[in-house]
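Take a look at the structure set out below.
The values are calculated or read from the model by the stated rules, or taken from the named source; none is laboratory data. This one's a predicted model, so the numbers in the text were calculated from it and none came from an experiment. Cβ placement follows ideal geometry from the backbone for every residue including glycine, while neighbour counts extend to all protein chains displayed.
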């Protein structure tokens, strides 16, 4: 009797192990013992690979692990087999959104909408993609519908504020983002809307305030540094403007940033900064920005580095030998070099004369 019971248990366990997983089981159960690849393999063993429901399930498994490319590939195949399933189009829209394929995401979301999808994720997706793709013909419809149904939602308020920005209703946009910031004082998207709206409205101090808030979150954004540099320049805060243009150049070495940084350092007579930030450019083989080279030459001149300044002026003359300003400044530097050379020779002659006139003392 005891042996029979043991054999029964063994046979029961073996049958459980060998029993194939049903699609419903794989779709609905969370089996932590199985990897993503294991689940996909079981699904493929459980049904025809051309089953659209199977392919949809496979896409969801990939999506759970944020393998968006594979998820997109699987659901695209499912749509080919069953093109009128609205949920499949919604899945594909979401995967494209994750991959930052905003136009494709928007098109698929609109297909899902036309096919009558009832899903709480569709409205915000349509509203967000309408804003991202700047679809002026539809964004009012999708964004307004989402906002009116979800007035207390931070996401809905931000999207509506972005819609107001595109419609140039800047004060209405500010009113909404201030509501958002009362609830979420660090909301990055709210900072962006406030920053852009106040900049357009020429409320420069407020634009600067929100620009600084953006940089607290996104400290590597060269564009924000550049724009803040311009705002400070507008406020005639030359030191801060130069600082932000320099930060922009460090993050993204564009001539436009360096040009403005050096221009402000030049106004402040910070010659060392002009020399330092133009060093790497001047040593480049193809560098030929006349204005920056001229600022460098003047900075070197002001720091009494006449030989180095003369070399820069020579480079400028090669670019344009008819530039009267460059020719005049080069001539002045050349005179300084000649004067110093003459003074050095006179001092050497005086030293030699004194040495020769000294009595020779014999011990």
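Would you mind finding the one in 239, 177 that is touching a residue at least 12 places away in the same chain (Cβ under 8 Å), assigned to a helix (DSSP H, G or I) and surrounded by fewer than 14 Cβ atoms within 10 Å (Cβ to Cβ)? Answer to the selection: 239. Among the conditions (1) within 27 Å of residue 177 (Cβ to Cβ); (2) in a helix (DSSP H, G or I); (3) under 17 Å from the mean Cα position of the chain (by Cα), the only one that residue 220 does not satisfy is (2). Could you list, in sequence order, the residues of segment 127-138 that are buried (at least 19 other Cβ atoms within 10 Å of the Cβ) and within 10 Å of residue 162 (Cα to Cα)? Residues satisfying the conditions are 128, 131. Here is the figure for segment 243-267: residues that are farther than 12 Å from residue 295 by Cα and modelled with pLDDT of 80 or more total 14. Taken across segment 344-352, residues that are out of contact with any strand residue (DSSP E or B) (no Cβ under 8 Å at 6 or more places or on another chain), surrounded by 16 or more Cβ atoms within 10 Å (Cβ to Cβ), modelled with pLDDT of 80 or more and not in a loop (DSSP other than H, G, I, E, B) do not occur at all.
This table checks each residue for (1) in a helix (DSSP H, G or I); (2) within 30 Å of residue 183 (Cβ to Cβ); (3) more than 27 Å from the chain's Cα centre (by Cα).
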site	(1), (2), (3)
72	yes, no, no
93	yes, yes, no
103	yes, no, no
109	yes, yes, no
127	yes, yes, no
136	no, yes, no
151	no, yes, yes
162	yes, yes, no
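If the condition is being at pLDDT 90 or above and part of a loop (DSSP other than H, G, I, E, B), then segment 111-120 contributes only 115. Checked across segment 182-190, the condition of being touching a helix residue (DSSP H, G or I) at 6+ places or on another chain (Cβ under 7 Å), crowded, with 17+ Cβ neighbours inside 10 Å and over 23 Å from residue 129 (Cβ atoms) holds for no residue.
Could you tell me whether any residue of segment 288-303 is in contact with a helix residue (DSSP H, G or I) (Cβ under 7 Å, 6 or more places away or on another chain), outside any helix (DSSP H, G or I), surrounded by 13 or more Cβ atoms within 10 Å (Cβ to Cβ) and modelled with pLDDT of 85 or more? Yes.
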